[in-house]
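K.L.:
Okay, here's the structure, questions in a sec.
The values are calculated or read from the model by the stated rules, or taken from the named source; none is laboratory data. Source: prediction; values computed, not measured. Positions of Cβ are generated from backbone atoms using ideal geometry, with glycine treated the same way; all protein chains shown enter the neighbour counts.
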Amino acid sequence: MNKLGHRHWIIIGCLAVALFAAANVWLYLLPVDVSPLEEAGSPPARKIATANDPLVVSFDLTEALARPLFSPTRREFAPPPEVVEEEPLPLTPQIASVDVAPPSFSLHGTRNILSRPAALISLNDQSQGEWYEVGQSIDGWQLVAVRPNGISITKADVAREVRLYDASDAQNAPH
């Protein structure tokens with residue numbers, strides 16, 4: 001190349017470096033907005049979990065954006081209120097009245113998945129059974145409690161205990 005060609009490349013390079021330096025100075029002088037987001041226009045940051053909600057963990061970005069890390073007006077973290085579960089009152093078995101017949105269903109098993117107890121109950125000898133949860137009605141009886149060794153049911157102010165194993169089978173039952 002000749003001397004004139006080298007000079008054009010040097011001029012283009014110098015212009016590129018000057019533009020790059022000017023862009024950096026402009027970005028340096030540009031103020032950055034670190035103020036908190038408006039509370040009124042944003043959706044609620046978090047929903048309080050209840051016992052009926054599935055256990056799904058998700059990351060909620062709105063809470064992080066509402067409290068910028070390096071902002072002088074940053075709000076402090078406020079933990080959500082604790083949910084206190086009340087334990088059900090224990091049933092006191094009452095003497096069965098003559099009007100209420102014993103339950104006509106069979107208990108085949110119990111389970112406890114994600115703090116939701118259920119009992120496998122069949123209404124007749126031919127059925128394989130269905131899973132019933134606490135509070136459901138089974139052939140007129142209300143399921144009150146499910147334990148590993150049996151269930152508690154009520155009907156017309158009469159409480160009954162249905163055991164999964166007889167007293168003679170209790171020694172052979174899995175623990």
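K.L.:
Please give the number of the condition VAL57 fails out of (1) closer than 30 Å to SER115 by Cα; (2) at pLDDT 70 or above.
P.N.:
(2)
K.L.:
Any chance you could count how many residues in the range 145-161 are of a type in the set (A, V, I, L, M) and modelled with pLDDT under 85?
P.N.:
Count: 1.
K.L.:
Select from the range 111-123 the residues that are modelled with pLDDT of 85 or more and over 15 Å from PRO148 (Cα atoms) and list them in ascending order.
P.N.:
Within the range 111-123, just SER122 meets the criteria.
K.L.:
Determine whether PRO80 is modelled with pLDDT under 85 and crowded, with 16+ Cβ neighbours inside 10 Å.
P.N.:
no
K.L.:
Regarding the range 100-110, can at least one residue be identified that is within 33 Å of the chain's Cα centre (by Cα), surrounded by fewer than 11 Cβ atoms within 10 Å (Cβ to Cβ) and either farther than 17 Å from TYR165 by Cα or at pLDDT below 85 (or both)?
P.N.:
no
K.L.:
I need the strands (runs of 3 or more DSSP E) fully contained in the range 117-167, keeping only those with at least 1 residues that are over 31 Å from the mean Cα position of the chain (by Cα) and farther than 10 Å from LEU107 by Cα.
P.N.:
150-155, 158-163
K.L.:
Just one of (1) surrounded by fewer than 10 Cβ atoms within 10 Å (Cβ to Cβ); (2) modelled with pLDDT under 75 trips up PRO36, so point out which.
P.N.:
Exception for PRO36: condition (1).
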